[in-house]
Amino acid sequence: MNTYEVFLKKAGKEPFSHAGSLDAPDDELALAYARETYGRRSEGEQMWVVDRSAVLVGDAINLAMADRDHRHNDGHLVAELRQSDPGHTR
Amino acid sequence: MSPDETAKELVLAFADDELCVGQNHSWWIAVGPFLEEDLAFSSIAQDELGHARALYSLVSNDVDRVAYGRPHSEYRSAHLAELLCHDWTKALARHVLHDLAEEIRWTALLNSSWPELKAVATRALAEEQFHIHHGVSLARRLLSSPDGYMRLAPVLSELAPLGREYFAGSDVGLVASGVLNASLADQERTWMERVEEVFDEFELSIDWGATRPAQGRAGVRSEDFLALHDEMVAVLRIDPLATW
């Protein structure tokens, strides 16, 4: 058995999203099982089924470090500054 | 029989085949060989019961009564449809043979002069593409391995001749009146060729037999029918007002 990852896309501008995974003996049956396991109630109008061995898995080097909060600037410093100086004199 | 009565008999026999196969498939719910197959097979069971209901509703206003309440001798199901398949190899072989036959039977109704029947056929045929994709893919996959071949090939060869009964019964006047787009004999020939073509590379030796079995169509129930029917009506016996 191979493991496959199933992605479904709803109508409109929604992106593909991961529906789940399944085991199947080959690609042809993977498509059949994907339909019955994740799409039998018309959950999507497009389907991708990916052999998990074809998925590139990122490791620590590829993943951003968790403590870089300057990447999460929500603008509060600017907002505070403007509130303390309504005339924008600085 | 008038052409109208013959057409009703044909629909009833088709519905009985679907009811029996749907009920039989549902035996595998939760005990399928693996989770994904369990889900797929259960879903196919539900589709077949849906086909049965759609066909019964063309010939009766009381679907429950006609599906569950007739004396056994009034059922018209083919014996292959009634066969209890508590062995997965058998269940898979019957699934493939049944659905290959269904595809041909629905196709012969696709341009039927009976509009409601034509509508049911159009809808069912769309589901049939999936059933066949599923059954044939799995059967071919198993036949490709030595162990799978040893188990599945003899069962397919053994059950195939029974499938000829799907094409038994009267079609007198039905091609002329346009209810059927192909005679039962033509459908049967197409089915046998299709079965041979699907499994061509695996060199199954199928002895189709000299005559077409027709006992089920004539009202004689197989040994397995009693147990199947008992299970089918178990809920109804507990609660006669239950609906499906």
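The values are calculated or read from the model by the stated rules, or taken from the named source; none is laboratory data. Here the structure is a predicted model, which means the values were calculated and not measured. Don't worry about glycine lacking a Cβ; one is built from the backbone with ideal geometry, like all the others, and counts go over all protein chains shown. Each accessible area value is taken on the protein alone, full model and side chains, heavy atoms only, with ligands, DNA and RNA left out. Shrake-Rupley method; radii C 1.70, N 1.55, O 1.52, S 1.80 Å.
For the segment B:139-149, counting C-beta atoms of other chains within 10 Å of every residue's C-beta and taking the mean gives 1.
With every protein chain kept in place and ligands, DNA and RNA left out, what is the accessible area per residue of chain A? Probe 1.4 Å, answer in Å².
Details: 7030 Å² over 90 residues.
Value for chain A: 78 Å² per residue.
Please identify, among B:M150, B:M192, B:M232, the residue showing maximal mean-square fluctuation in a Gaussian network model of chain B using a 10 angstrom Cα cutoff. Maximum among the listed residues: B:M150.
Could you tell me whether chain B comes out rounded, prolate or oblate from its Cα gyration tensor? Rule is a ≥ b ≥ c as square roots of the eigenvalues, rounded for a/c under 1.5, then prolate if a/b exceeds b/c, otherwise oblate. List each step's numbers first, then the result.
On the way: a/c = 1.62, a/b = 1.18, b/c = 1.37.
It comes out oblate by the Cα gyration axes.
Judged by the ratio a/c of the largest to the smallest principal axis of the C-alpha gyration tensor, segment A:8-81 counts as oblate, that ratio being 1.5 or greater while a/b is no larger than b/c.
Could you work out [θ]222 nm for chain A from helices alone, using -39500 (n - 2.57) per DSSP H run of at least four and dividing by all its residues? Round to the nearest 500 deg cm²/dmol.
Working: 2 runs with 21 residues, N = 90.
That calculation yields -7000 deg cm²/dmol at 222 nm.
Residue by residue along A:21-32, Cβ atoms of other protein chains within 10 Å of the local Cβ number 5 on average. Ranking B:H51, B:H79 by solvent-accessible area of protein heavy atoms (1.4 Å probe, all protein chains present), from largest to smallest, gives B:H79, B:H51. Is the shape of segment B:124-244 best called rounded, prolate or oblate, per the rule: a/c under 1.5 gives rounded, else a/b larger than b/c gives prolate, else oblate, with a ≥ b ≥ c the square roots of the Cα gyration tensor eigenvalues? The shape class here is oblate.
Of the solvent-accessible surface of chain B, computed with a 1.4 Å probe over protein heavy atoms with every protein chain present, carbon and sulfur atoms account for 55 percent. Taken as Cα centroids, segment B:195-244 and segment B:137-181 sit 12 Å apart, rounded to the nearest whole angstrom. Of all the options B:E82, B:E48, B:E197, the one that moves most in a Gaussian network model of chain B with Cα springs shorter than 10 angstrom is B:E197. Ranked by solvent-accessible area (1.4 Å probe, protein heavy atoms only, all chains present), the residues A:D51, B:D99 order from largest to smallest as A:D51, B:D99. Ranking of B:Y56, B:Y149, A:Y38 by solvent-accessible surface, largest first: B:Y149, A:Y38, B:Y56 (1.4 Å probe, protein heavy atoms only, all chains present).
Heavy atoms of chains A and B lose about 1200 Å² of accessible surface on contact, summed over both sides with a 1.4 Å probe. Compared with the dominant Cα axis of chain A, that is its longest principal axis, helix A:27-38 is turned about 60°.
In loop segments of segment B:162-209 as defined by DSSP, the chymotrypsin sites (Phe, Trp or Tyr not before Pro) with at most 15 further C-beta atoms inside 10 Å of their C-beta are B:W208. Highest GNM mean-square fluctuation among A:R40, A:R52, A:R71, for chain A modelled with Cα contacts below 10 Å: A:R71.
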